[in-house]
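The values are calculated or read from the model by the stated rules, or taken from the named source; none is laboratory data. Fair warning: this is a prediction, and the values are worked out from it, not measured in the lab. Quick reminder, even Gly has a Cβ in these numbers, built from the backbone with ideal geometry, and neighbours come from all protein chains shown.
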Amino acid sequence: MINYFLSIYEIRIDLNKKLLLITDLYLNDYINFMKTSRRKFLIKTGTILAGGLSFKHSLVLGSEKYISKENNVTVGAHPWIYAAELPDYDISPALDEIFQGIKFAGYDGVELMHHPLRNHKTALIISELKDRYGLPVIGTSYGADMWDQSKHQEILDDVENIINNLAVVGGRTLGTSVGRAPEKKTEKQLDNQAHLLKNIIDIGKKNGVVINLHNHTYEVEDGLHDLKGTLKRIPDIKLGPDLNWLLRGGVDPLDFIKKYQDQIVFIHIRDEFKDGKWSESLGEGDVNFRAIGKTLKKIEFSGDLVVELAHENDFDPTRPIRESLKMSREHVKKTMGY
């Protein structure tokens, strides 16, 4: 009888050793994540852990992948106001300050800028910060000269790396700008642009990330020449308009929302005075956010509404950034109902 129990004990020890070995294999694969694409990683470890990987992976990607709100609108903040003072607009050194400030201001989530997502180690830091502050990552903004065919492979490699890391931190959307050309884009350049966008959309789909067109002024000037050129080639592409850039590009934001309501999944908002200069926070300028809120409710907008503060080059802030973010958040709630 004693020998019987000893045999059972030895079997349990052997099983535990094998489980620990499998766990070590998985963790090593995860640590070396950047050596392979996310798709290769899934294939490689899926044969080892079968269903176990999908559960573990969901802990990284799943719990905050989709932010559920009663009104189906997530109100987030974009860190441009921090990036504007940093070298190359890289927010990596200010990530803790950014998460802390946006959390303090009462937002539902943060939209990142793409620079820190080029580095897998920084992506892991972002994962720790979002957990520490309870502030999910909505997605990231991104921009490149997509009309320039000679840059396509470089951009694709860059985007795939960024989207892989965006998936790691739980992001679900990428708002991309297509780049300003020296002159009005030709039909060939618009063809190039659309071809690359289709490839990026495919990469996003494989990673659970939705791509949307995020405009600056150049996409909407000249009667929406650039934007319409893309829509002609990709009619069902999602849109993430910046309402302030629309205004500065001579486009009525409310008309734009109504016209493209079925494709809008993401919106940037900013305030400005009648003279066209940005205000320090939302509510201090002359933009009618009540009208925007009514229009969004009328079309039953369901998506991400992100505050992106910006200051003129000669402007001296009168308060900490996080206070302006908080004032802006309160103004959105008061005037727009979100």
Within the range 179-195, restricting to residues that are in a loop (DSSP other than H, G, I, E, B) and not polar (S, T, N, Q), the one that is surrounded by the fewest Cβ atoms within 10 Å (Cβ to Cβ) is 182
Given the structure, is residue 257 hydrophobic (A, V, I, L, M, F, W, C) and either within 30 Å of residue 275 (Cα to Cα) or touching a Pro at 6+ places or on another chain (Cβ under 8 Å) (or both)? yes
Residues in the range 274-294: is at least one assigned to a helix (DSSP H, G or I), among the charged types (D, E, K, R), more than 21 Å from the chain's Cα centre (by Cα) and over 30 Å from residue 236 (Cβ atoms)? yes
Of the residues in the range 196-221, those that are part of a helix (DSSP H, G or I) and over 16 Å from residue 245 (Cα atoms) come to 196, 197, 198, 199, 200, 201, 202, 203, 204, 205, 206
Answer yes or no as to whether residue 176 is in contact (Cβ under 8 Å) with a residue 12 or more places away in the chain, assigned to a helix (DSSP H, G or I), farther than 14 Å from residue 264 by Cβ and touching a helix residue (DSSP H, G or I) at 6+ places or on another chain (Cβ under 8 Å). no
Could you please tell me which pairs satisfy a Cβ distance under 9 Å, a separation of 6+ or placement on different chains, a first residue in the range 310-338 that is more than 17 Å from residue 278 (Cβ to Cβ), and a second residue that is in a helix (DSSP H, G or I) and of a type in the set (S, T, N, Q)? 322/100
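To keep it simple, each residue is scored yes or no on (1) of a type in the set (D, E, K, R); (2) closer than 26 Å to residue 116 by Cα; (3) not assigned by TED's automatic domain parsing to the domain that holds residue 304.
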site	(1), (2), (3)
162	no, yes, no
177	no, yes, no
185	yes, no, no
188	yes, no, no
196	no, yes, no
200	no, yes, no
205	yes, yes, no
Count - residues of the range 301-338 that are within 25 Å of residue 257 (Cβ to Cβ), under 22 Å from the mean Cα position of the chain (by Cα) and assigned to a loop (DSSP other than H, G, I, E, B): 6
Among what's in the range 131-178 and is among the polar types (S, T, N, Q) and in contact with a strand residue (DSSP E or B) (Cβ under 6 Å, 6 or more places away or on another chain), pick the residue that is surrounded by the most Cβ atoms within 10 Å (Cβ to Cβ). 173
Contact list please: Cβ distance under 8 Å, first residue in the range 122-149 and charged (D, E, K, R), second residue assigned to a helix (DSSP H, G or I), pairs at least six apart or on different chains. 130/99; 132/99; 145/151; 145/155; 148/189; 148/192
